[in-house]
Amino acid sequence: MKLPVIKHLLSFVEENDEDYLVETIEVLENLTELDKISDEEMDVIGELISNMYGALEVDKMIKEGTPKKEALNSFMKRVLGSIDQ
């Protein structure tokens, strides 16, 4: 996951609607079922999906009252913490 990508996607959600990301995730997940997708392409799709889910999670935290900067930092700490385990 990349914080700059998550921030950019979060800005998109704030300006538009989270449904766009949800629908895009559904399309990308559907693409992963295609037999002709290479490992490299699958990695890219997986990274995109992860960043989109991250942006949705941060957006949810913000809507629950967490300041944006704190929500982003908290989310990235959780991600890094799960990687270290």
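What follows draws every value from the coordinates through simple rules; no lab data is involved. It should be emphasised that the depicted structure is a prediction, and the values quoted were computed from it without experimental measurement.
Things to note:
- Pairs from Lys2/Lys68; Lys7/Lys63; Lys7/Lys36 whose Cα-Cα separation, in the structure shown, is over 27 Å: Lys7/Lys36
- The C-alpha atoms of the chain define a longest principal axis, and helix 3-15 lies at about 80 degrees to it.
- Counting only alpha carbon atoms, the long axis of helix 18-31 and the longest principal axis of the chain meet at about 20°.
- Adding -39500 (n - 2.57) for every DSSP H run of four residues or longer, then dividing by how many residues the chain holds, sets the calculated 222 nm ellipticity at -27500 deg cm²/dmol.
- Remark on the stretch 14-81: Rg and Dmax equal 14.1, 43 Å (Cα only).
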